[in-house]
Amino acid sequence: MTIDQFNFAGKKAFVRVDFNVPLDENFNITDDTRMRAALPTLKKILADGGSIIIGSHLGRPKGATDKFSLKHILKHLSELLGVEVQFANDCMGEEAAVKAAALQPGEVLLLENLRFYAEEEGKPRGLAEDATDEEKKAAKAAVKESQKEFTKKLASYADCWVMDAFGTAHRKHASTAVIADYFKPEDRMLGLLMEKEVQAVNNVLSDIKRPFIAIMGGSKVSTKIGIIENLLGKVDKLILCGGMTYTFAKAHGGEIGDSIVEMDKLDVALDVEKKAKENGVELIMAPDAVVTNGLDFATMSLKPGAEYKVAQASAIPAGFEGVDAGPEAQKKFAAAIKGCKTILWNGPAGVFECDEFCAGSRAIGNAIAEATAEGAFSLIGGGDSVACCTKFGLTDKVSYISTGGGALLEAIEGKVLPGVAAVNE
């Protein structure tokens with residue numbers, strides 16, 4: 001069942017969205033991309049004559065706290081929908097049940113942060129640091145058991161369930177997957193955003209137009225090794241950039257100064273190179289880097305008196321660290337992207353938040369935009385890559401920007417996403 005095939009007239013829909021948006025110190029939304037992405041699904045339900053119960057999480061709370069309350073997004077959500085959205089101060093409280101039961105066609109209810117309850121994630125909280133394995137096992141079993149009642153109550157609010165939170169589709173949480181058990185197959189479906197996300201992944205992995213290039217950035221090899229290994233069997237070219245590449249340089253005996261490195265992953269780096277060669281994949285990394293001796297990561301700015309300069313990526317002076325791809329690397333990356341027909345970008349080339357160190361990421365983004373204009377399909381995923389596109393004004397110059405970070409990576413890695421499987425089973 002797809003949302004386009006379903007008539008929501010007179011129906012109450014529980015819609016799981018991903019409104020985990022960034023807030024400043026005054027609780028103002030600094031980027032509402034994820035909220036806007038859910039609007040087509042929400043407006044379709046309202047246009048049909050249905051009503052909506054919205055469920056989401058915000059941050060990683062360990063219990064109810066004002067800092068992570070969804071009440072902070074209520075006003076903006078009402079403005080986006082053009083409807084005065086009601087709010088339930090507790091997703092499990094009597095208020096939520098009463099307001100959900102009273103919803104009339106065209107009305108919307110936003111539930112308080114689902115993760116205020118441990119049952120949403122199904123993970124125990126408050127365990128003592130010295131808890132024994134038996135105590136941990138018992139606590140996990142207890143929260144899994146109580147998760148059933150939590151999920152059952154969420155489901156009781158509605159007649160159907162719409163999964164539209166791609167950002168959490170890789171988690172088997174109460175509202176993203178378990179809840180499917182409480183609805184008939186014909187009453188559970190993917191939202192319009194989820195359908196677009198799944199199709200975008202399929203375009204990259206199943207309907208590949210070659211040459212296919214992937215650009216993978218990030219600080220650590222360990223966090224990306226699964227997807228890198230999976231891509232080596234699919235891509236024609238693979239650009240590795242960002243902090244992870246200093247582990248590769250170190251594996252070959254290079255001098256990397258104070259750059260980030262995973263000393264226990266040197267053999268993994270060499271193995272990636274070996275597999276790339278075996279698969280006939282052109283592996284591309286930066287020959288040079290912009291390095292500095294004074295980046296303040298807390299403020300993403302240079303410290304007073306700090307220096308920055310260009311150095312060979314395998315000959316970084318002591319006291320300096322690599323923070324961006326150098327001029328030669330930028331040319332090399334752009335040349336590799338040119339002419340490609342399928343492009344995947346996940347992870348920047350450097351500390352793009354700092355204006356002095358965003359040139360590498362900008363060069364990648366511009367090259368992708370040019371290739372897209374020439375007919376390539378480009379998929380951008382991961383918060384930092386999306387932020388790069390926003391910063392460089394490229395959001396409307398690429399084919400698709402994914403709202404999911406971890407979910408996108410797991411999908412590309414070939415894993416089944418629980419949030420998708422729950423709808424299809």
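The values are calculated or read from the model by the stated rules, or taken from the named source; none is laboratory data. Everything numeric in this text was worked out from a predicted model, so none of it was measured. Neighbour counts run over all protein chains shown; Cβ positions are idealised from the backbone, glycine included. The area values use the complete protein model at the heavy-atom level, side chains included, leaving out ligands, DNA and RNA. Shrake-Rupley method; radii C 1.70, N 1.55, O 1.52, S 1.80 Å.
Taking residues in region 301-316 that are more than 22 Å from Thr245 (Cβ to Cβ) and without any contact (Cβ under 8 Å) to a residue 24 or more places away in the chain, and partners anywhere that are among the acidic types (Asp, Glu) and open to solvent by less than 80 Å² (accessible area, probe 1.4 Å), the pairs with Cβ atoms closer than 7 Å and at least 6 places apart or on different chains are Lys303/Asp296.
Taking (1) of a type outside the set (A, V, I, L, M); (2) within 24 Å of Lys152 (Cα to Cα); (3) at pLDDT 95 or above; (4) not in a helix (DSSP H, G or I) in turn, Glu95 satisfies each apart from (4).
Within region 5-28, being farther than 17 Å from Val85 by Cα and within 25 Å of the chain's Cα centre (by Cα) holds for Asn20, Val21, Pro22, Leu23, Asp24, Glu25, Asn26, Phe27, Asn28. Put simply, of Asp159, Asp130 the only residue that is under 23 Å from Leu46 (Cα atoms), open to solvent by 60 Å² or more (accessible area, probe 1.4 Å) and more than 23 Å from the chain's Cα centre (by Cα) is Asp159. Restricted to region 177-214, and to residues there that are in contact with a strand residue (DSSP E or B) (Cβ under 6 Å, 6 or more places away or on another chain) and part of a loop (DSSP other than H, G, I, E, B), the residue that is least open to solvent (accessible area, probe 1.4 Å) is Gly191.
Residues that are small (Gly, Ala, Ser), crowded, with 24+ Cβ neighbours inside 10 Å and touching a residue at least 60 places away in the same chain (Cβ under 8 Å) within region 317-355 comprise Gly322, Ala325, Ala329, Gly347, Ala349, Gly350, listed in sequence order. Conditions: (1) open to solvent by less than 50 Å² (accessible area, probe 1.4 Å); (2) modelled with pLDDT of 95 or more. Lys43 meets all but one. Number of the miss? Result: Lys43 passes all but (1). The condition of being farther than 25 Å from Met35 by Cβ, crowded, with 24+ Cβ neighbours inside 10 Å and touching a Gly at 6+ places or on another chain (Cβ under 6 Å) holds for only one of Gly217, Gly167, that being Gly217.
Working only within region 264-288, note down all residues that are acidic (Asp, Glu) and either at positive phi or open to solvent by 40 Å² or more (accessible area, probe 1.4 Å) (or both).
If the condition is that a residue be acidic (Asp, Glu) and either at positive phi or open to solvent by 40 Å² or more (accessible area, probe 1.4 Å) (or both), then Asp264, Asp267, Asp271, Glu273, Glu278, Glu282 are the ones that fit.
When restricted to residues that are in a helix (DSSP H, G or I) and surrounded by fewer than 19 Cβ atoms within 10 Å (Cβ to Cβ), region 20-40 contains 4. So for region 232-243 (the condition being modelled with pLDDT of 95 or more and either over 23 Å from Phe333 (Cβ atoms) or aromatic (Phe, Trp, Tyr) (or both)), does at least one residue qualify? Checking region 232-243: not a single residue is modelled with pLDDT of 95 or more and either over 23 Å from Phe333 (Cβ atoms) or aromatic (Phe, Trp, Tyr) (or both). Check region 246-253 and report whether any residue there is open to solvent by 10 Å² or more (accessible area, probe 1.4 Å), within 21 Å of Ala336 (Cα to Cα) and under 19 Å from the mean Cα position of the chain (by Cα). There is no residue in region 246-253 that is open to solvent by 10 Å² or more (accessible area, probe 1.4 Å), within 21 Å of Ala336 (Cα to Cα) and under 19 Å from the mean Cα position of the chain (by Cα). Kindly indicate the residue of region 87-114 that is of a type in the set (S, T, N, Q) and surrounded by fewer than 20 Cβ atoms within 10 Å (Cβ to Cβ) and also nearest to Phe150 (Cα to Cα) among those meeting that condition. Taking the candidates together, the pick is Asn89.
Of all residues in region 232-245, which are of a type in the set (A, V, I, L, M) and either more than 19 Å from Phe357 (Cα to Cα) or surrounded by fewer than 17 Cβ atoms within 10 Å (Cβ to Cβ) (or both)?
Correct list: Leu232, Val235, Leu238.
Has region 359-369 got any residue that is within 22 Å of Leu231 (Cβ to Cβ) and outside any helix (DSSP H, G or I)? No; the residues of region 359-369 include none that is within 22 Å of Leu231 (Cβ to Cβ) and outside any helix (DSSP H, G or I). Glu121 meets each of the listed conditions (1) open to solvent by 30 Å² or more (accessible area, probe 1.4 Å); (2) within 21 Å of Gly419 (Cβ to Cβ); (3) at pLDDT below 95 apart from (3).
Only one of the listed residues (Val272, Val291) is in contact (Cβ under 8 Å) with a residue 24 or more places away in the chain, farther than 21 Å from Glu328 by Cβ and not small (Gly, Ala, Ser). That residue is Val272.
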